[in-house]
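Below: the structure, in structure tokens.
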Amino acid sequence: MDALKSLVQPLVGGAGGSSVIDGMKLVVLGGTVETARRVSSSAWYALQRSWPISTFFLTAHFSEEDYPYDWLMLWLSRRPEWQRSREFETTTRTTTPGFSGSRSVDNSFGDDEDEGDEDGPPGKVKTRVVFQPTFDTTHTIYYKGHWLRVRRSKKTDGSGCEVLSISVVARNNSILKQLVLQAKKEYEAEAIHRIQIYFADSHGSWRWTDSRHKRPMSSIVLNPGVKEMLLNDTRDFLKSEKWYADRGIPFRRGYLLHGVPGSGKSSLIHAIAGELMLDIYVVSLSSSWISDSTLTTLMGRVPARCIVLLEDLDAAFTRSVTRDKSSTGTPDSSNNNSNEESTAPEQPTSSSSGRHRRSHKEHISDVNTLSLSGLLNALDGVAAAEGRILFATTNHLERLDPALSRPGRMDVWIEFKNASKWQAEALFRNFFPSTESDNEVLEGDLEGIELPNPPSGPQSPASSSHSSTLWSLSPSFSSSTASLVSPSSKNTTPESGPEVFGAKNQAYLPPPVEEHIAACQHSAKPLDGEKLAQLAKKFADSIPDDEFSVAALQGYLLKNKSQPESAANEAAAWVISERELKERLRKEKEARDLKEKLDREKRRKELLEKEKEKAELEKKELELAKLRQQLQDQETKDKADGEKKSTEDSTSPAAEAAKEEDTKSGPATDDDSDEENTPPSSSTPSEVAWIQVPDSSS
Ligand SMILES: Nc1ncnc2c1ncn2[C@@H]1O[C@H](COP(=O)(O)OP(=O)(O)OP(=O)(O)O)[C@@H](O)[C@H]1O
């Protein structure tokens, strides 16, 4: 301290008693201590890295491609040392992908901490920002009597993958094992209310893609017994590992859900996954990069207990994007053409924290070489994981190869049809809130139902007691709802509503709320049991059996979510309008098909015409070539004949005599010789050339 004093003294000129000097002393002291801390810690790290100190450390590396990385990142995010890091980066991607937006990451902060945030627009997605230590900085964390050195870095192999390295001075690795197990436990405790969804990537790895709230079984409306049977069967399977082992049967079970679109196949699988607390691993078999070997690798890499979902099995060997295009379960080499337009693996866009947003580029090769035998091998070959539950969905059972759907691969088949009256009634009852307890099947858990725009904004006071029902999940005008309801209603006077411009004006009664504005309420009031039953029955009476999908009925109810009476009363009119719409669409499609057919026919005729013309032209050219050849032959022949004749003439005795005569009588005149040597006019080449040849250009 004396040394410090002597250091400071000259600077402050000896006026030690003033508050300025005290302040400066503190600054200098603080700076010195911090510098000393940093220097000593750097020296300590340098020492640790140096040989032989580093030889005392046990180090475990966790790649982000594997699950323990996620467990440890969640565990670390809760450590105060991690949060106290002096060098950090911010991200809206949470370190724990499965829990984006939740408060489980303690070092995050976001919109919901702003004061007055409640006034924000309902349904606004709240962004959370997370602090995380920068790469290549080392942090020391105390755990169960050991100092752990934790470091985040990137792999140097060019993949850009993150790696977490944890080192500890210990005799064996049991402390690291304990750490991983604890991190796993904490991670799973968080995951209890959610299911994780993984998608296959082109490298044959599974990538975490989404985390969803569990969907309650009660929100799935199927004919009685179906859900229960399926749930019992899957539960029973998971308990029967020994039974399978004793009989030498591979411990796998497959379910084929087939039927019309929008009938609840995917929803049921999600509900079952939630019920059994299993994650879902999705493979899209129509992906451009899928091949026999990638699929085999993927199937070998699923964990022991999970659901593997093969969506749209009938599209396995085609890469068309529309499911209505002819697709088949039988391999078709033409469809495996690598030059076809590639279809990128369908990855649902989910929260911003998804791993699919990693910056490193994914190489998606366009080599869909999946074959039927490859698929069958991947499903039940030696490399296929045991203990998994396979679900496959298809809208076209008839297009599947029998080998694919035989028992052993697909043990249980369930057909999904369009909604029955019974389902329509149950859907209505599930959809609208009731004041009676018997309707509580959905209480507390309907939040999983898939609404087009799931709002997360504040609820109106009236709806707060039912915050988890579909009714209260609907986007609401919240506190402003009261002002929109007809003034005849008791508690909807302007005074009871929020403070709005002119609300206190008592001189005139407000004009009635226009009907279309009143219809915009987004929350229905709970109905009493009797009324609900009556409306549900009326609704179901209007819905014909097996004509509309449950998804279509749900869409209709969503349009009327604040008006159960209208939903029931207008259902018959909706059915008529839907039929008309379907009829119109059918006719339009027919007209389109007809036009396409005529166009095709026209193009075919034009093609035929062109081919015919081409053939004719070729024929004429052939004839022409023939004639030319004949002409050439004739010319050659004539020439040869002429030469022969002239030779003969010159060697015969008469000619000799004539020659002698000529010699005697002197040279003949030019005219005479010309006459004699002129060949017969009929064989002159010039005349042959007058044979008319067809014009090739015609
Ligand atoms: N049986 C059902 N019970 C409850 N909701 C249903 C049912 N069927 C469909 N839905 C609703 O309809 C929507 C579509 O359902 P889902 O995706 O499960 O149908 P799908 O049969 O898998 O359709 P696709 O064959 O087109 O994939 C979802 O929002 C779901 O809530």
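Values computed for the structure shown
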quantity: Restricting the stretch 567-580 to residues that are of a type in the set (D, E) and part of a helix (DSSP H, G or I), the residue that is farthest from the ligand (Cβ to nearest atom); calculated: E580
quantity: Criterion (more than 30 Å from R78 (Cβ to Cβ) and more than 28 Å from the chain's Cα centre (by Cα)) met by exactly one of G204, G248, G254; calculated: G248
quantity: Residue match in the stretch 180-192 (condition: modelled with pLDDT of 85 or more and within 16 Å of the ligand (Cβ to nearest atom)); calculated: no
quantity: Members of the stretch 287-318 that are part of a helix (DSSP H, G or I) and either on the phi > 0 side of the Ramachandran plot or of a type outside the set (S, T, N, Q) (or both); calculated: D292, L295, L298, M299, G300, L313, D314, A315
quantity: Matching entry among T209, T156, T140 (being among the hydroxyl-bearing types (S, T, Y) and closer than 30 Å to E311 by Cβ); calculated: T209
quantity: Among residues of the stretch 401-431, those that are in contact with a Leu (Cβ under 9 Å, 6 or more places away or on another chain), at pLDDT 90 or above and part of a loop (DSSP other than H, G, I, E, B), counted; calculated: 1
quantity: Any hit, the stretch 260-279, residues being within 15 Å of the ligand (Cβ to nearest atom), at pLDDT below 85 and not hydrophobic (A, V, I, L, M, F, W, C); calculated: no
quantity: Candidate set: the stretch 151-180, residues that are among the basic types (K, R) and under 20 Å from E64 (Cα atoms); chosen: the one least open to solvent (accessible area, probe 1.4 Å); calculated: R152
quantity: Scan of the stretch 208-225 for residues that are open to solvent by less than 40 Å² (accessible area, probe 1.4 Å), touching a strand residue (DSSP E or B) at 6+ places or on another chain (Cβ under 9 Å) and within 13 Å of the ligand (Cβ to nearest atom), ordered by number; calculated: R215, L222
quantity: A385 being away from the ligand (no atom under 11 Å from the Cβ) and buried (at least 21 other Cβ atoms within 10 Å of the Cβ); calculated: no
quantity: Among (1) away from the ligand (no atom under 16 Å from the Cβ); (2) of a type in the set (A, V, I, L, M); (3) loosely packed, with under 15 Cβ neighbours inside 10 Å, the one test that M229 misses; calculated: (1)
quantity: Residues of the stretch 407-426 that turn out to be away from the ligand (no atom under 15 Å from the Cβ) and not basic (K, R), as a count; calculated: 5
quantity: Pairs with Cβ under 7 Å, 6+ apart, first in the stretch 388-402 and within 12 Å of the ligand (Cβ to nearest atom), second part of a strand (DSSP E or B) and among the hydrophobic types (A, V, I, L, M, F, W, C); calculated: F391/L257; F391/I307; F391/L309; A392/L256; A392/L310; T393/L257
quantity: First in the stretch 32-47 and over 14 Å from T138 (Cα atoms), second anywhere and at pLDDT 70 or above and β-branched (V, I, T), Cβ under 8 Å, 6 or more apart; calculated: none
quantity: The stretch 525-566: number of residues that are assigned to a helix (DSSP H, G or I) and within 23 Å of P261 (Cβ to Cβ); calculated: 13
quantity: Candidate set: the stretch 623-680, residues that are on the phi < 0 side of the Ramachandran plot and in a loop (DSSP other than H, G, I, E, B); chosen: the one modelled with the highest pLDDT; calculated: S652
quantity: Which numbered condition G204 misses (of (1) on the phi > 0 side of the Ramachandran plot; (2) small (G, A, S); (3) within 16 Å of the ligand (Cβ to nearest atom)); calculated: (3)
quantity: L257, sole failed condition from (1) within 21 Å of R215 (Cα to Cα); (2) away from the ligand (no atom under 13 Å from the Cβ); (3) in contact with a helix residue (DSSP H, G or I) (Cβ under 8 Å, 6 or more places away or on another chain); calculated: (2)
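The values are calculated or read from the model by the stated rules, or taken from the named source; none is laboratory data. Predicted, not measured: the structure shown is a model, and the values here were computed from it. Backbone-built Cβ (ideal geometry, glycine too); neighbour counts: all protein chains shown. Accessible surface areas use protein heavy atoms only, side chains included; no ligands, DNA or RNA. Shrake-Rupley method; radii C 1.70, N 1.55, O 1.52, S 1.80 Å.
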